[in-house]
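The values are calculated or read from the model by the stated rules, or taken from the named source; none is laboratory data. What you see is a predicted model; the values in this text were computed from it and never measured. In this analysis, Cβ positions are derived from the backbone assuming ideal geometry, glycine residues included, and neighbour counts consider all displayed protein chains.
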Amino acid sequence: MILSTKQFFSLPNQYKATRNKKGNVFVISRVASWLKVFQFLAILVCAVFSCVENTVAQAKKSTPKTSAPKNRTVLKLQKVTQIDAEALKNLLKPNGKPLLINFWATWCDPCREEFPDLVKIAADYKDKVDLITISLDDLADIGGDVPKFLAQMKSDSPAYLLKTPDEGAAIAFVTEDWQGGLPFTILFDKEGKTVYFKQGKFSTELLRAEIDKGLADQSRAETVQLPISDCRPVTLAGKKLP
């Protein structure tokens, strides 16, 4: 027996089975129970989605807003000039003021450690002593690591990078006492005479003492004296002294 739609919905709430002419079996369950199950599942799904939406909304509210990163301070890179042995020789010429030279490299830890003291000395003796720094880094670092380090140290002294095939000749131009180790610091007086040098980290106290001594000697030498022709004879009790 084949059931019509009207007959199907008029069935009582119990299981029934019928056979059609071909022998196929149709099993009919309780329609009302199915509808209740479907309604329950629909309500459950809606509740789950609603719970998920509320959780996401609360998570968004509780998540702190990350502020945009502040603009980083851009370091102003100092110009580093490449020099050879001949240019170094010209830099060593006296110019009327004490000259302090520091040979260093970015890969030299003692050089990096003493550099802040060097920058402080340059600031304290500005316009009284000329300070130049000469890097012995690779030429490839002239626009990279060397100026970056100088910028980090806030060094504004003239900076150079020495590149020469004959390092021995360049060292000899500076002083015969330099064995080629780094760091190397040397102080010349206004006439170009060596008054202090140190291979390795310099002593801040000794270096400052030598600078002060040189400046004092220079000040005494520059003291203005009256010419002999301007001197007047001294008299005592109306008598001219010989």
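Please find, among LYS154, LYS148, the residue that is at negative phi and among the basic types (Lys, Arg). Please lay out each step first, then the result.
Details: LYS154 fails: at negative phi.
Among LYS154, LYS148, only LYS148 is at negative phi and among the basic types (Lys, Arg).
Quick one: which of ASP117, ASP138 is out of contact with any helix residue (DSSP H, G or I) (no Cβ under 8 Å at 6 or more places or on another chain), at pLDDT 95 or above and farther than 12 Å from SER157 by Cβ? Walk me through it before giving the result.
Values: ASP117 fails: out of contact with any helix residue (DSSP H, G or I) (no Cβ under 8 Å at 6 or more places or on another chain).
Only one candidate qualifies: ASP138.
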Scanning region 147-162 residue by residue, those farther than 15 Å from GLU113 by Cα and crowded, with 16+ Cβ neighbours inside 10 Å turn out to be PRO147, SER157, ALA159, TYR160, LEU161, LEU162
Log entry, pairs with first residue in region 162-181 being in contact (Cβ under 8 Å) with a residue 12 or more places away in the chain, second being part of a helix (DSSP H, G or I) and β-branched (Val, Ile, Thr), beta carbons closer than 7 Å, six or more apart or on different chains, reads TRP178/ILE171; GLY180/ILE171
Result of the Cβ filter at 6 Å on region 131-149, keeping first residues that are assigned by TED's automatic domain parsing to the domain that holds PRO165 and farther than 24 Å from TYR196 by Cβ and partners that are buried (at least 20 other Cβ atoms within 10 Å of the Cβ) and of a type in the set (D, E, K, R), at least 6 apart or interchain, is VAL146/ASP137
Of the residues in region 163-183, those that are in contact with a helix residue (DSSP H, G or I) (Cβ under 8 Å, 6 or more places away or on another chain) and closer than 16 Å to ARG112 by Cα come to LEU182, PRO183
Can you spot a residue in region 155-176 that is in a loop (DSSP other than H, G, I, E, B), in contact with a strand residue (DSSP E or B) (Cβ under 6 Å, 6 or more places away or on another chain) and among the hydrophobic types (A, V, I, L, M, F, W, C)? no
Does LYS190 satisfy the condition of being in a loop (DSSP other than H, G, I, E, B) and of a type outside the set (Gly, Ala, Ser)?
-> yes
Within region 181-207, restricting to residues that are surrounded by fewer than 19 Cβ atoms within 10 Å (Cβ to Cβ) and touching an Asp or Glu at 6+ places or on another chain (Cβ under 7 Å), the one that is farthest from THR106 (Cα to Cα) is VAL195
**Asked** Right, PHE115: crowded, with 16+ Cβ neighbours inside 10 Å and over 19 Å from the mean Cα position of the chain (by Cα) or not?
**Response** no
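Condition check ((1) under 16 Å from PRO147 (Cβ atoms); (2) at pLDDT 95 or above; (3) touching a Pro at 6+ places or on another chain (Cβ under 8 Å)) across all residues:
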position	(1), (2), (3)
LEU77	yes, no, yes
GLN82	yes, yes, no
ALA87	no, yes, no
LEU92	no, yes, no
ASN95	no, no, no
LEU100	no, yes, no
PHE103	no, yes, yes
ASP109	no, yes, no
When region 140-154 is checked residue by residue, the ones that are assigned to a loop (DSSP other than H, G, I, E, B), farther than 21 Å from ALA87 by Cβ and among the aliphatic types (A, V, I, L, M) are MET153
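For region 90-124, enumerate the residues that are under 19 Å from LYS193 (Cα atoms) and not in a strand (DSSP E or B).
Kept after step one, since they are under 19 Å from LYS193 (Cα atoms), are these residues of region 90-124: 90-103.
Passing the criteria: ASN90, LEU91, LEU92, LYS93, PRO94, ASN95, GLY96, LYS97, PRO98.
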